[in-house]
Amino acid sequence: MPADRPLFIPVILGTARQGRMSAHAARLMVQETGKQAAVQTELIDIATLPVGTGESWEAIRNTGFADKMDRADALILVTPEYNHGYPGLLKHILDSCLKEYIHKPVGIVAVSAGPFGGTRAIQNLLPVMRELGLVTIFWDVNFSHVQNFFDDAGNLKDESFRRPIGKFLKELIWMARTLRYGRENISLE
Amino acid sequence: MPAKSDPMICSQCGVEMNLHAEKLVEPTNAQEAARLDLALGGLIEEIYTCPECGKAHSRPLS
């Protein structure tokens, strides 16, 4: 494995609703991820992806999204909690790939207007992550009462919240390095 | 690692790719359903990654 190849860890903003507060959380995650050494990141906003429909798996596949998932060494999913679940559009987009995810770590950032920080959306996502071949980390980032976290311009109001994000990223990056080595060097046979 | 008789070669780098997973997948059409492994309840897809560029490829288990 070329040692100088940086990790690519995109942040997926998992809602297309107008006025979504999750966008602030996703931009913060891009900002914090971009500060990490030897890590590249970018925001993937599912609202900007064409939504394919049709009978076949190929019909819903978006080449641009699939290429980014292929290049990714880890994923950060930012999801709101809607009616105790995650957005259906996020599932639709995630289901458009498979081989691109296998043995890659994923960290989940959940957002809610209420007190539980999107924990129910995370719990519902975990079995889906497992079936997609992604490897979940044990740190989450939870934005409870998200309306209190950011100012009107989307800036984080409480700087101490960068600390749990730092813990989350440390674990995700360790997993990304380890699993990349495994994917590229350790044979199943 | 035992050499595979039909190694997967990276289309970008030309090197042998690493087989690191066998993923059970559900059939999505009639042709795939006809190949269903009843004992496993699905189809096996081999997952490979290129040690040079990191690109993933897959193919049905032969």
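The values are calculated or read from the model by the stated rules, or taken from the named source; none is laboratory data. As the structure is a computational prediction, the values presented were derived from the model and not from experiment. Positions of Cβ are generated from backbone atoms using ideal geometry, with glycine treated the same way; all protein chains shown enter the neighbour counts. We work out accessible area using only protein heavy atoms, side chains counted, and drop any ligands, DNA or RNA first. Shrake-Rupley method; radii C 1.70, N 1.55, O 1.52, S 1.80 Å.
Partner chain Cβ atoms within 10 Å, averaged over the residues of B:22-33 - can you pull that number for me? Mind showing how you got there, number by number?
On the way: counts 3, 8, 1, 5, 2, 0, 4, 3, 0, 0, 0, 0.
Across B:22-33, the average partner-chain Cβ count within 10 Å equals 2.
Could you report chain B's accessible area per residue, 1.4 Å probe, as an integer in Å²?
Numbers: 3550 Å² over 62 residues.
That works out to 57 Å² for each residue.
Just counting partner chain Cβ atoms within 10 Å, what average do the residues of peptide B:42-50 show around their Cβ? Kindly include the intermediate steps, with their values, before the conclusion.
Values: counts 0, 0, 0, 4, 2, 9, 5, 12, 3.
Mean inter-chain Cβ contacts per residue within 10 Å come to 4.
Just how large is the dipole of the stretch A:7-113 about the Cα centre, in debye to the nearest 20, putting +1 at every Lys and Arg Cβ and -1 at every Asp and Glu Cβ? Can you show the working numbers first?
On the way: 10 positive and 11 negative charges, 47 e Å.
With only Lys, Arg, Asp and Glu charged at Cβ, the dipole is about 220 debye.
Quick one: of A:K68/A:K157; A:K35/B:K55; A:K35/A:K68; A:K35/A:K99; A:K167/B:K23, which pairs are farther than 27 Å apart, Cα to Cα? Could the numbers behind the result be given before it?
Numbers: A:K68/A:K157 31 Å; A:K35/B:K55 25 Å; A:K35/A:K68 20 Å; A:K35/A:K99 29 Å; A:K167/B:K23 31 Å.
The pairs that break the limit, which is 27 Å between Cα atoms, are A:K68/A:K157; A:K35/A:K99; A:K167/B:K23.
Please give the average number of partner chain Cβ atoms lying within 10 Å of the Cβ of each residue in A:177-183, rounded to a whole number.
Working: counts 0, 0, 2, 3, 1, 4, 11.
Across A:177-183, the average partner-chain Cβ count within 10 Å equals 3.
Gain in length, A:D151 to A:N185, computed as 0.36 nm per residue apart minus the alpha-carbon separation, to one decimal in nm?
Values: separation 34, 0.36 × 34 = 12.24 nm, distance 4.58 nm.
Contour length minus Cα-Cα distance gives 7.7 nm.
Taking a probe of 1.4 Å, how large is the accessible area per residue of the stretch A:7-184, in Å²? Numbers along the way, then the final one.
Details: 8040 Å² over 178 residues.
Accessible area per residue, the stretch A:7-184: 45 Å².
Work out the length of the dipole vector of the protein assembly as shown about its Cα centre, built from +1 on the beta-carbon of each Lys and Arg and -1 on the beta-carbon of each Asp and Glu, and round it to the nearest 20 debye. All intermediate terms of the calculation are to be shown ahead of the outcome.
Working: 26 positive and 30 negative charges, 123 e Å.
Dipole size: approximately 600 debye.
I'd like the antiparallel share, as a percent to the nearest 5, of DSSP beta bridges with both residues in chain A.
On the way: 2 of 22 bridges.
Bridges in chain A are about 10 percent antiparallel.
From the residues B:I9, A:A153, A:V109, which one has its Cα farthest along the dipole of the protein assembly as shown in the positive direction, the dipole being from +1 and -1 charges on Cβ of Lys/Arg and Asp/Glu about the Cα centre?
A:A153
Can you tell which of A:Q31, A:A66, A:Y82 lies farthest toward the positive end of the dipole of the stretch A:7-184, using +1 and -1 charges on the Cβ of basic and acidic side chains (Lys, Arg; Asp, Glu)?
About the Cα centre, the residue reaching furthest to the positive side is A:Q31.
Carbon and sulfur: what percent of the stretch A:76-169's accessible surface (1.4 Å probe)? Spell out each step's value before the answer.
Numbers: 2120 of 4090 Å².
In the stretch A:76-169, the share of accessible area belonging to carbon and sulfur is 52 percent.
B:L24 to B:H57: extension gain in nm, 0.36 nm per residue of separation minus the Cα-Cα distance?
Gain in length upon complete extension: 10.4 nm.
For the interface of A with B, what's the total buried accessible surface in square angstrom, probe 1.4 angstrom, rounded to the nearest hundred? Intermediate results must be reported in sequence, preceding the final value.
Values: alone 9770 and 4410 Å², together 12430 Å².
Counting both chains, the buried surface is close to 1800 Å².
For chain A, what does the alpha-carbon gyration tensor say about shape, rounded, prolate or oblate, given a ≥ b ≥ c as the root eigenvalues, a/c under 1.5 as rounded, and a/b over b/c as prolate?
Details: a/c = 1.70, a/b = 1.20, b/c = 1.43.
Verdict is oblate for chain A.
Can you give the FRET efficiency to the nearest 0.05 for B:Q31 and A:R163, using r as the Cβ-Cβ distance and R₀ = 45 Å? Write down the numbers at each step before the final one.
Values: r = 52 Å, r/R0 = 1.17.
Rounded to the nearest 0.05, the efficiency is 0.30.
For the residue pair A:R177 and A:R17, what label-to-label distance in nm results when each label sits 7 Å from Cα along the Cα-to-beta-carbon direction?
3.8 nm
Dipole of chain B, Cα-centred, from +1 at each Lys and Arg C-beta and -1 at each Asp and Glu C-beta, to the nearest 20 debye?
Numbers: 5 positive and 9 negative charges, 14 e Å.
Value, rounded to 20: 60 debye.
For Cα pairs less than 8 Å apart in space and 6+ apart in sequence, what is the mean separation divided by the residue count of chain B, i.e. the relative contact order in percent? Before the final figure, lay out the partial values.
On the way: 92 pairs, mean separation 20.0, N = 62.
That works out to 32 percent.
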